[in-house]
Amino acid sequence: TVFTPRLFDSFHMSEKCARIEDSPVWLRKTPREYSPSTLRRKTMPKLHLHHIGNDSSLGASSPNVLLRKDKEFVHKQCKQSLSDDLSPAKGLPLFPQILSCITHLNEELAFTLPGIFRECGNYATITNAFEQLKNTSSSTEHTKILASLTSIETADILKMLMSSLELSLIDGTTLESIKKLPDLVAVTPQAEDISEELLKKLYVSSVMTSLPHRLYDIVRTLFGFLLKVVHHKEQTKMDVGNMATIFAPLLLPPPDIPDIKNFMDISKQQISLLEHLLGYFLEEPAILLPQFSSGHHEVMEATKSGEWYGHFVIRGDSFEVFHRTESICCGVLGTKIFVLSNAVVDPLFKPVAKNFLSRISRTPRNITRRFSLK
């Protein structure tokens with residue numbers, strides 16, 4: 001929320017506000033110092049909202065201003081905190097609770113249980129246990145709470161915990177990389193003979209293990225249990241398709257589309273994508289281990305235009321490196337997988353700088369007609 005000069009004039013530093021000498025220094029300046037031309041040259045300091053929480057001069061819209069969660073909730077001068085109703089959601093992400101649920105299900109051999117993730121437990125019992133779990137991060141307390149539940153109820157709580165996370169376990173950047181998987185095609189010739197199927201597995205491994213450490217630990221542990229359930233599909237009746245249908249909305253970011261038809265289409269695509277991933281994990285469980293691929297996942301940028309085996313690269317195109325050894329570099333350009341020698345890659349590409357602009361999604365541009373031989 002930015003305080004414009006007009007809103008600043010209506011503020012008037014009322015009696016409910018702190019004294020002028022106790023207020024932040026920037027509040028003592030005149031509105032003229034925050035003209036549009038001035039604001040373009042410098043960043044507006046943050047306004048601490050504690051002192052204006054009850055000021056009626058702000059009008060009926062003030063609660064919307066006060067509920068912003070990205071503000072500081074303790075004033076640096078007076079050291080007073082906001083009331084509980086204005087504070088953000090308390091507690092850390094529910095990662096310890098999720099891990100405790102998975103550990104408990106493994107100990108109870110729930111991956112062989114008929115009806116796991118399909119049947120529902122007692123709603124009142126599940127809701128009560130869920131509230132207790134949210135209020136503690138102690139694994140000992142988690143064990144006591146989960147001991148009174150059936151495995152079916154614990155599985156329900158696991159899904160509730162995942163749906164309660166503010167952000168999905170697999171973030172949008174990782175999802176965009178995974179989306180390329182069905183369309184990836186290996187380009188020949190190669191600097192080293194590697195099958196297309198193995199290249200795709202190396203790509204999946206590099207993308208998944210590039211998740212932040214805490215997320216990676218959760219995702220690897222969760223997938224490990226889901227794969228056990230699928231391995232016992234004769235008892236559990238949970239094959240790859242059923243598992244993807246249940247967990248795609250819990251693991252992947254929801255489609256940000258208002259149109260219900262497009263929303264459903266993208267949801268189906270995400271289910272198909274997770275089914276594809278689970279198939280790779282079933283075939284090669286080591287994909288989820290960091291040692292499966294060499295090097296680290298990084299995006300590089302073309303510093304000049306060039307050509308590889310009849311494929312054009314334009315300056316600014318991104319090259320997604322997912323496997324690198326002392327002699328070769330495997331990377332994705334668009335939907336094509338290249339296996340090149342480091343001597344070819346290093347002069348043409350450089351790592352993308354870690355700044356704001358580098359977070360903008362970059363996709364290789366289509367080859368225009370000026371490169372056509374016709």
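Some observations on this one:
- Here r is the Cβ-Cβ distance between residue 131 and residue 350 and R0 is 45 Å; the resulting FRET efficiency, rounded to 0.05, is 0.30.
- When +1 charges are put on Lys and Arg Cβ atoms and -1 charges on Asp and Glu Cβ atoms, the dipole computed for region 248-346 relative to its Cα centre reaches about 120 debye.
- Using a probe of 1.4 angstrom and keeping all protein chains present, the accessible surface of region 217-322 works out to 49 square angstrom per residue.
- Efficiency of FRET from Cβ geometry, residue 296 and residue 123, R₀ 41 Å, rounded to 0.05: 0.35
- Based on the reciprocal of the average 1/r between different C-alpha atoms, the Kirkwood radius for region 212-305 equals 15.4 Å.
- Model label sites at residue 283 and residue 326, defined 7 Å from Cα along the beta-carbon direction, differ in position by 3.1 nm.
- For region 116-212, the alpha carbon positions stretch 61, 27, 22 Å along the principal axes, listed from largest to smallest.
- Which listed pairs, of 237/268; 237/336; 180/233; 134/201, have C-alpha distances above 27 Å, in listed order: 237/336; 180/233; 134/201
- Backbone geometry of region 298-309 corresponds, through the Karplus equation with coefficients 6.51, -1.76 and 1.60 at θ = phi - 60°, to 3J(HN,Hα) couplings of 8, 9, 10, 10, 5, 8, 7, 7, x, 9, 10, 6 Hz, x marking Gly and Pro.
The values are calculated or read from the model by the stated rules, or taken from the named source; none is laboratory data. Since the structure is predicted, the reported quantities are computational estimates derived from the model, not experimental observations. Virtual Cβ from ideal backbone geometry, glycine too; neighbours counted across all protein chains shown. Accessible surface areas use protein heavy atoms only, side chains included; no ligands, DNA or RNA. Shrake-Rupley method; radii C 1.70, N 1.55, O 1.52, S 1.80 Å.
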